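A.B. asks: My questions all concern the structure below.
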2 protein chains.
Amino acid sequence: MENVGDPSRPNWAIVLHAGAGNFSRDQLQESGEPHRAALMMALKRGRRILQSEQGTSLTAVEIVVRALEDCPWFNAGRGSVFTHEGLHELDASIMDGRTLACGAVANTRVAQHPITLARRVMEQTPHVMLAGAGADAFAAGSRVRLVPNSYFSTPYRRRQWEDALSSTSDKFGTVGCVALDRHGNLAAGTSTGGLTNKRPGRVGDSPIIGAGTYANNRTCGISASGIGEQFIRHAVAAQISAMIEFGGRSLHQAAHLLLDKRLPQRAGGVIGIDPRGNILCHYTTSGMYRGWADSTGRLQTKIWD
Amino acid sequence: MENVGDPSRPNWAIVLHAGAGNFSRDQLQESGEPHRAALMMALKRGRRILQSEQGTSLTAVEIVVRALEDCPWFNAGRGSVFTHEGLHELDASIMDGRTLACGAVANTRVAQHPITLARRVMEQTPHVMLAGAGADAFAAGSRVRLVPNSYFSTPYRRRQWEDALSSTSDKFGTVGCVALDRHGNLAAGTSTGGLTNKRPGRVGDSPIIGAGTYANNRTCGISASGIGEQFIRHAVAAQISAMIEFGGRSLHQAAHLLLDKRLPQRAGGVIGIDPRGNILCHYTTSGMYRGWADSTGRLQTKIWD
């Protein structure tokens, strides 16, 4: 199943994001160099898995998203935004394009790596999604690392929350990864702390299969970042897949049509990979933390154009 | 916007379901006549709204789903199944095809009418989905009727749960409605108690916009019932909409392709209406509680073929 017949076609490919947003260069200290270094470190972890014969896209996605969850600068895992009540409620989802198996958690307060908890839901339960206290009860029994909720707090996010308490905030951020392995299998995953100062219980698009995450070997893998409510309304990830499968569009055409013509302006971005290893990063915000690599030697991170 | 130019094209249309399932005629007492009477009562409530000049499809959907939630025989509102812990956790979603506005609640334990709570989320918050304790906290502040959790219990569902405690259960059931009003606006809604003996926190397809519910004036309104995890994996409602919008399929072609060729056998069913007032009921289970009416005088309920 390797693409040995076509030297221009990669054997494997990976793309990650750590959020699309309307941030300016001025807002990021040092031109975002530390952020790009964190993206590169996560990217290389995924690359190492995909370079090995046994590496699967599903594991690459999980490992990359875990690395981004561990990084305190991105809104997922440690460094997640605060809810209105001053806590952290985390969402994540993961999907296997080979089987369409998927798992998701919403509003977990205790899983250090929500993406791993989502994979456990996929692999250890007959369900797709667990939310709230039920997700945390499952976490306690499923051998994932548990942490006190304060583990997710950082001084930067606390200040953001304190500012937001006196005004409304539309701060969002997400991390995600899509990978294609040597066996032709696609996988996708997304993880987030949600919206700054969000109402307890609010669920955005990241844990919604078909909105923030989708993977199907027939079509593509997708992970989204942006105004979650808009991505749910437009079922962005599922509609991109359906436009490829049933509408004859390419991954790029589908993503551009949906984000440019259907969603509101500056609503967010998506990353994706198709079965031929074509990599997509498309966003309508001012920037998107992102990076990609493949078996032809590509290895790059970017924030703006 | 009325279809006055084409006498065969209905001005308004409505379709409802109270669950697709693999039940036999033997399992239903009295050939399901009481169930069909309940469907007819709900259907007539929706018809009354759509017959009036001011009636909207969104209100028709809400009122019909409320009537089905009130009926103790269907798995939504009163008569919902029991969770593993012996409680009731209810899910619902609603969507306005004119604006793509939508609202959803997962795992509410206190809202007498989860569909109304979902509409409140849509209309009174910037969010799409609230889950668990956060949904219940919102319910308490949003002037919906609150009930003790035991309100939802019925002896029949308690026996089902007690039986399921000693074995696994795949009992499912859902209610839903899709409507087209005189102004050409589509709306859809779905409500459920979920799976008998389900793990606390489990979220099925009913509150997932794009899986169990979708509405878009360009394409169709959809409400699904079946094995929720399969409907999430295949993003059924969103993919049907995308197949119409981007793949040139009719509503019927899209639903048949997805349910017959993509989903596992006997996974469930969908109801839908397209902008011309064509009504769809398609299921791969043995039966589906359903009914429909339109401005040309059609008015019917069915359980089997």
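The values are calculated or read from the model by the stated rules, or taken from the named source; none is laboratory data. Small disclaimer: the values here were computed from a predicted structure and weren't measured. Note: ideal-geometry Cβ built from the backbone for every residue, glycine included; neighbour counts use all protein chains shown. Remember, those area values only see protein heavy atoms, side chains included, never the ligands or the DNA or RNA. Shrake-Rupley method; radii C 1.70, N 1.55, O 1.52, S 1.80 Å.
Per-residue answers, yes or no, for (1) in contact with a Phe, Trp or Tyr (Cβ under 6 Å, 6 or more places away or on another chain); (2) closer than 23 Å to B:ARG202 by Cα; (3) without any contact (Cβ under 8 Å) to a residue 40 or more places away in the chain:
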site: A:GLY19; (1), (2), (3): yes, no, no
site: A:ALA42; (1), (2), (3): no, no, no
site: A:GLY55; (1), (2), (3): no, no, no
site: A:THR59; (1), (2), (3): no, no, yes
site: A:GLU89; (1), (2), (3): no, yes, no
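A.B. asks: Quick test for you: out of A:ARG25, A:ARG47, pick the one residue that is modelled with pLDDT of 95 or more and over 30 Å from A:ASN149 (Cβ atoms).
C.D. replies: A:ARG47
A.B. asks: Within the range B:52-70, which residues are over 10 Å from the mean Cα position of the chain (by Cα), among the aliphatic types (A, V, I, L, M) and either buried (at least 23 other Cβ atoms within 10 Å of the Cβ) or over 13 Å from B:ASP181 (Cβ atoms) (or both)?
C.D. replies: B:LEU58, B:ALA60, B:ALA67
A.B. asks: Next up: Out of all the residues in the range B:71-82, which are surrounded by 24 or more Cβ atoms within 10 Å (Cβ to Cβ) and touching a Lys or Arg at 6+ places or on another chain (Cβ under 9 Å)?
C.D. replies: B:ASN75, B:GLY77, B:SER80, B:VAL81, B:PHE82, listed by residue number.
A.B. asks: Moving on. Tell me yes or no: at least one residue of the range B:78-85 is under 23 Å from B:TYR151 (Cα atoms) and among the basic types (Lys, Arg).
C.D. replies: Yes, the range B:78-85 contains at least one residue that is under 23 Å from B:TYR151 (Cα atoms) and among the basic types (Lys, Arg).
A.B. asks: Counting only residues that are without any contact (Cβ under 8 Å) to a residue 40 or more places away in the chain, closer than 14 Å to A:ASP96 by Cα and surrounded by 19 or more Cβ atoms within 10 Å (Cβ to Cβ), which one in the range A:114-142 is farthest from the other protein chains (Cβ to nearest Cβ)?
C.D. replies: Out of the qualifying residues, it is A:ARG120.
A.B. asks: What are the residues in the range A:143-178 that are surrounded by fewer than 17 Cβ atoms within 10 Å (Cβ to Cβ) and farther than 16 Å from A:GLU89 by Cβ, if any?
C.D. replies: A:ARG143, A:ARG145, A:PRO155, A:TYR156, A:ARG159, A:GLU162, A:ASP163, A:LEU165, A:SER166, A:SER167, A:THR168, A:ASP170
A.B. asks: Now for a separate question. Take the residues of the range A:143-189 that are among the hydrophobic types (A, V, I, L, M, F, W, C), more than 25 Å from B:MET129 (Cα to Cα) and part of a loop (DSSP other than H, G, I, E, B): which is farthest from the other protein chains (Cβ to nearest Cβ)?
C.D. replies: Filtering the range A:143-189 for residues that are among the hydrophobic types (A, V, I, L, M, F, W, C), more than 25 Å from B:MET129 (Cα to Cα) and part of a loop (DSSP other than H, G, I, E, B), the one farthest from the other protein chains (Cβ to nearest Cβ) comes out as A:VAL147.
A.B. asks: If you scan the range B:282-301, which residues turn out to be part of a strand (DSSP E or B) and touching a residue at least 24 places away in the same chain (Cβ under 8 Å)?
C.D. replies: Hits for the range B:282-301 are B:HIS282, B:TYR283, B:GLY287, B:MET288, B:TYR289, B:ARG290, B:GLY291, B:TRP292, B:ALA293, B:ASP294, B:LEU299, B:THR301.
A.B. asks: Look at B:GLY46 and say whether it is part of a loop (DSSP other than H, G, I, E, B), over 23 Å from A:ILE209 (Cβ atoms) and either away from chain A (no Cβ under 14 Å) or in contact (Cβ under 8 Å) with a residue 24 or more places away in the chain (or both).
C.D. replies: no
A.B. asks: Checking B:ALA104 against (1) buried (at least 23 other Cβ atoms within 10 Å of the Cβ); (2) more than 17 Å from B:CYS177 (Cβ to Cβ); (3) modelled with pLDDT of 95 or more, which single condition isn't satisfied?
C.D. replies: Every listed condition holds for B:ALA104 apart from (2).
A.B. asks: Take B:LEU257 and decide whether it is open to solvent by 10 Å² or more (accessible area, probe 1.4 Å) and within 16 Å of B:ALA235 (Cα to Cα).
C.D. replies: yes
A.B. asks: Here is a further query. Suppose the filter is polar (S, T, N, Q), within 12 Å of chain B (Cβ to nearest Cβ) and farther than 20 Å from A:ARG145 by Cβ; does A:THR108 pass it?
C.D. replies: Taking the combined requirement at face value, the residue does not satisfy it.
This table checks each residue for (1) in contact with a Pro (Cβ under 9 Å, 6 or more places away or on another chain); (2) within 14 Å of chain A (Cβ to nearest Cβ); (3) farther than 19 Å from B:GLY226 by Cβ; (4) not acidic (Asp, Glu).
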site	(1), (2), (3), (4)
B:HIS256	no, yes, no, yes
B:ASP260	no, no, no, no
B:ARG266	no, no, no, yes
B:GLY272	no, no, no, yes
B:HIS282	no, no, no, yes
B:TYR289	no, no, no, yes
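A.B. asks: So how many residues does the range A:264-284 have that are within 23 Å of A:ILE232 (Cβ to Cβ), under 19 Å from the mean Cα position of the chain (by Cα) and open to solvent by 10 Å² or more (accessible area, probe 1.4 Å)?
C.D. replies: Within the range A:264-284, residues that are within 23 Å of A:ILE232 (Cβ to Cβ), under 19 Å from the mean Cα position of the chain (by Cα) and open to solvent by 10 Å² or more (accessible area, probe 1.4 Å) number 5.
A.B. asks: Given the conditions (1) closer than 27 Å to B:GLY86 by Cα; (2) under 21 Å from the mean Cα position of the chain (by Cα); (3) not in a helix (DSSP H, G or I), which single one is not true for A:LEU117?
C.D. replies: (3) is the only condition that A:LEU117 fails.
A.B. asks: Continuing with the same structure: Taking the range B:197-214, which residues are in a loop (DSSP other than H, G, I, E, B) and either within 13 Å of the chain's Cα centre (by Cα) or surrounded by 24 or more Cβ atoms within 10 Å (Cβ to Cβ) (or both)?
C.D. replies: B:GLY201, B:GLY204, B:ASP205, B:SER206, B:PRO207, B:ILE208, B:GLY210, B:ALA211, B:GLY212
A.B. asks: Something else: Is one or more of the residues making up the range A:89-102 more than 10 Å from every other protein chain (Cβ to nearest Cβ), farther than 20 Å from B:GLY134 by Cβ, within 21 Å of the chain's Cα centre (by Cα) and among the small types (Gly, Ala, Ser)?
C.D. replies: Yes: one or more hits.
Yes/no matrix, rows are residues, columns are (1) among the β-branched types (Val, Ile, Thr); (2) more than 29 Å from A:ALA139 (Cα to Cα); (3) touching a Leu at 6+ places or on another chain (Cβ under 9 Å); (4) touching a residue at least 60 places away in the same chain (Cβ under 8 Å):
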{"residue": "B:ARG157", "(1), (2), (3), (4)": "no, no, no, yes"}
{"residue": "B:THR174", "(1), (2), (3), (4)": "yes, no, no, yes"}
{"residue": "B:GLY184", "(1), (2), (3), (4)": "no, yes, no, yes"}
{"residue": "B:GLY194", "(1), (2), (3), (4)": "no, no, yes, yes"}
{"residue": "B:ILE208", "(1), (2), (3), (4)": "yes, no, no, yes"}
{"residue": "B:ASN216", "(1), (2), (3), (4)": "no, yes, yes, yes"}
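A.B. asks: Among the residues of the range B:234-244, which ones are over 18 Å from the mean Cα position of the chain (by Cα) and open to solvent by 10 Å² or more (accessible area, probe 1.4 Å)?
C.D. replies: Passing the criteria: only B:ILE244.
A.B. asks: Among the residues that make up the range A:205-214, is at least one of them of a type in the set (Val, Ile, Thr), within 14 Å of another protein chain (Cβ to nearest Cβ) and over 30 Å from B:SER241 (Cα atoms)?
C.D. replies: Among the residues of the range A:205-214, not one is of a type in the set (Val, Ile, Thr), within 14 Å of another protein chain (Cβ to nearest Cβ) and over 30 Å from B:SER241 (Cα atoms), which makes the answer no.
A.B. asks: Given the criterion open to solvent by less than 30 Å² (accessible area, probe 1.4 Å), away from chain A (no Cβ under 11 Å) and touching a Phe, Trp or Tyr at 6+ places or on another chain (Cβ under 9 Å), identify the matching residue among B:GLY247, B:GLY221, B:GLY228.
C.D. replies: Within the list B:GLY247, B:GLY221, B:GLY228, the selection yields B:GLY221.
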